[in-house]
Amino acid sequence: ALASVVVTRLRLKLRGLGFRPRPPAGVPPLALRQLDVCWTAATGLGMVDVVQGACFSSRHLLLALRAGEPGRIALSLGFEAVNAGMAGASKDRRTARLLAAAVGLAGQSPDPYFRAAVHLCRGDCDLLAGRFRAATAALAEAERVLRDSCTGVAWELDSTRHWYFCCCCVLGEWAELSARCPPLLQDARDRGDLFAEMNYLTGPMAHVRLAADDPGRAWDELHATAARWSQQGFHLQHIWVLESSALISLY
């Protein structure tokens, strides 16, 4: 997967980010389906296996530029900005350029999903750069648009709320965490959404339980849920379980 990322990004560097704009109706249906399948893989894996997610996100950007559909290019550029943001402050200028291009393209589409997704990417970039107040503003706007104007966006809402709550943990917003996170955790359990349940418990809910002086409950529910998660490979969730376990033990 890592070799594929390197090769695809080399192709993108040689090709550049130029494209000929085309409306969705002007793109062959098969090409749109390929794009959407690739985007699903990129986003789904991006919050579990970073390298595999980057592999599909790079492919999605290459396919989107070929297709020329602005909304899907906005998605790819936003995701590429997040990948650039992971490299730290040295990539701030590139991250900002990619985000600006994504915002401009998303604004051209009547579909609110593209705007919401770019807000989510902006929030992630601000979080990675340590701009936590700015991140909460962008993530709150992403959640608002996804909740009020989009359908079929459970993954996007779960991810937006997870990162928003992570910012709250850093900022010490215990009251908001304690009011909002437990009902969403219960909703995830009611829906059988292990992805959301795991992400709420690895970090945000540990802080909620510790703020209530209940480390035993924090430990028990964290590890009971972690036992249900895949033990194959090494995922972001495994890192977060380790971090939360250390936090609870230190408390």
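Just one of (1) over 18 Å from the mean Cα position of the chain (by Cα); (2) assigned to a helix (DSSP H, G or I) fails for Val103. It is (1).
Taken across the stretch 129-140, residues that are closer than 29 Å to Ala101 by Cα, touching a His at 6+ places or on another chain (Cβ under 8 Å) and at pLDDT 95 or above do occur, with at least one present.
Looking across the stretch 89-107, just one residue is hydroxyl-bearing (Ser, Thr, Tyr) and open to solvent by less than 60 Å² (accessible area, probe 1.4 Å), and that is Thr95. The single condition from (1) open to solvent by 50 Å² or more (accessible area, probe 1.4 Å); (2) part of a helix (DSSP H, G or I) that Thr151 fails is (2).
Yes or no, residue by residue, for (1) open to solvent by 70 Å² or more (accessible area, probe 1.4 Å); (2) at pLDDT 95 or above:
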{"position": "Gln186", "(1), (2)": "yes, yes"}
{"position": "Glu197", "(1), (2)": "no, yes"}
{"position": "Val208", "(1), (2)": "no, yes"}
{"position": "Ala218", "(1), (2)": "no, yes"}
{"position": "Phe234", "(1), (2)": "yes, no"}
{"position": "Ala246", "(1), (2)": "no, yes"}
{"position": "Leu250", "(1), (2)": "yes, yes"}
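Residue by residue, here is whether (1) part of a helix (DSSP H, G or I); (2) touching a residue at least 24 places away in the same chain (Cβ under 8 Å); (3) farther than 26 Å from Tyr200 by Cα holds:
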position	(1), (2), (3)
Leu10	yes, no, yes
Pro21	no, yes, yes
Ala31	yes, yes, yes
Trp39	yes, yes, no
Gln52	yes, yes, no
Leu63	yes, yes, yes
Arg93	yes, no, yes
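Among the residues of the stretch 113-160, those identified as touching a residue at least 40 places away in the same chain (Cβ under 8 Å), within 23 Å of Gly88 (Cα to Cα) and among the small types (Gly, Ala, Ser) are Ala117, Gly123, Ala129, Ser159. Being open to solvent by less than 10 Å² (accessible area, probe 1.4 Å), more than 18 Å from Arg20 (Cβ to Cβ) and in a helix (DSSP H, G or I) is the requirement here; does Gly78 meet it? When the stated conditions are applied, Gly78 passes them.
Any residue at all in the stretch 65-80 that is modelled with pLDDT of 85 or more, within 30 Å of Ile239 (Cβ to Cβ) and touching a Cys at 6+ places or on another chain (Cβ under 7 Å)? Among the residues of the stretch 65-80, at least one is modelled with pLDDT of 85 or more, within 30 Å of Ile239 (Cβ to Cβ) and touching a Cys at 6+ places or on another chain (Cβ under 7 Å), which makes the answer yes. The set of residues in the stretch 166-216 being free of Cβ contacts under 8 Å to residues at least 40 places away in the same chain and either among the polar types (S, T, N, Q) or not in a helix (DSSP H, G or I) (or both) consists of Gly172, Glu173, Ser178, Gln186, Gly192, Asp193, Ala212, Asp213, Asp214. Condition check for Gln237 on (1) part of a helix (DSSP H, G or I); (2) without any contact (Cβ under 8 Å) to a residue 60 or more places away in the chain: one failure, at (2).
Taking the condition in a loop (DSSP other than H, G, I, E, B) and free of Cβ contacts under 8 Å to residues at least 40 places away in the same chain, does Gln231 pass? Spelling it out, Gln231 is indeed in a loop (DSSP other than H, G, I, E, B) and free of Cβ contacts under 8 Å to residues at least 40 places away in the same chain.
Let's see how each residue does on (1) in contact with a Ser or Thr (Cβ under 9 Å, 6 or more places away or on another chain); (2) basic (Lys, Arg); (3) open to solvent by 20 Å² or more (accessible area, probe 1.4 Å):
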{"residue": "Lys13", "(1), (2), (3)": "no, yes, yes"}
{"residue": "Gly18", "(1), (2), (3)": "no, no, yes"}
{"residue": "Pro28", "(1), (2), (3)": "no, no, yes"}
{"residue": "Thr40", "(1), (2), (3)": "no, no, yes"}
{"residue": "Asp49", "(1), (2), (3)": "no, no, yes"}
{"residue": "Ser57", "(1), (2), (3)": "yes, no, no"}
{"residue": "His60", "(1), (2), (3)": "yes, no, no"}
{"residue": "Ala64", "(1), (2), (3)": "yes, no, no"}
{"residue": "Gly71", "(1), (2), (3)": "yes, no, no"}
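The values are calculated or read from the model by the stated rules, or taken from the named source; none is laboratory data. A quick note: this is a predicted structure, and the numbers were derived from the prediction, not measured. All Cβ positions, glycine included, derive from the backbone under ideal geometry; neighbour counts span all protein chains shown. All accessible areas refer to the heavy atoms of the entire protein, side chains included, with ligands and DNA or RNA removed. Shrake-Rupley method; radii C 1.70, N 1.55, O 1.52, S 1.80 Å.
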